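Chemist: Below you will find the structure I want to go over with you.
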Amino acid sequence: MTASDTPGFCVHCGQPSPGGADHPACHNPRTALEPPRYCTFCARRLVVQVSPLGWTARCSRHGETASG
């Protein structure tokens, strides 16, 4: 992993966030249940698919993440 591939963005709003963690504006009970919407590495909008068994989120540059 290079320096450009370290987490630095909030997965819920895409704003800069140290370590890719939720920042206070996005840290609430509702977002705990939501799938990520933005890539934590590049802040690109993710392609998210939700199913009864969970979710998958795909970044065009950094690949796929899944729940569970």
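The values are calculated or read from the model by the stated rules, or taken from the named source; none is laboratory data. What you see is a predicted model, and the numbers here were worked out from it, not measured in a lab. For neighbour counting, all protein chains shown are included, and Cβ atoms are generated from backbone atoms with ideal geometry for every residue, glycine included. Just the protein is used for accessible areas: all its heavy atoms, side chains included, with ligands, DNA and RNA removed. Shrake-Rupley method; radii C 1.70, N 1.55, O 1.52, S 1.80 Å.
Chemist: Report whether or not residue 43 is assigned to a loop (DSSP other than H, G, I, E, B) and either of a type in the set (Asp, Glu) or surrounded by 14 or more Cβ atoms within 10 Å (Cβ to Cβ) (or both).
Modeler: Yes, satisfied.
Chemist: If you don't mind, there's one more thing I want to ask. Would it be correct to say that residue 13 is surrounded by 15 or more Cβ atoms within 10 Å (Cβ to Cβ) and either touching a helix residue (DSSP H, G or I) at 6+ places or on another chain (Cβ under 7 Å) or at pLDDT below 75 (or both)? First the steps, then the outcome.
Modeler: Values: surrounded by 15 or more Cβ atoms within 10 Å (Cβ to Cβ): yes; either touching a helix residue (DSSP H, G or I) at 6+ places or on another chain (Cβ under 7 Å) or at pLDDT below 75 (or both): yes.
The answer is yes for residue 13.
Chemist: Which residue is least open to solvent (accessible area, probe 1.4 Å), if the candidates are limited to the stretch 46-66 and must be over 21 Å from residue 17 (Cα atoms) and assigned to a loop (DSSP other than H, G, I, E, B)?
Modeler: Restricting to residues being over 21 Å from residue 17 (Cα atoms) and assigned to a loop (DSSP other than H, G, I, E, B), the top hit is 52.
Chemist: Considering only residues that are open to solvent by 60 Å² or more (accessible area, probe 1.4 Å) and either in contact with a His (Cβ under 8 Å, 6 or more places away or on another chain) or part of a strand (DSSP E or B) (or both), which ones fall in the stretch 24-40?
Modeler: 34, 37
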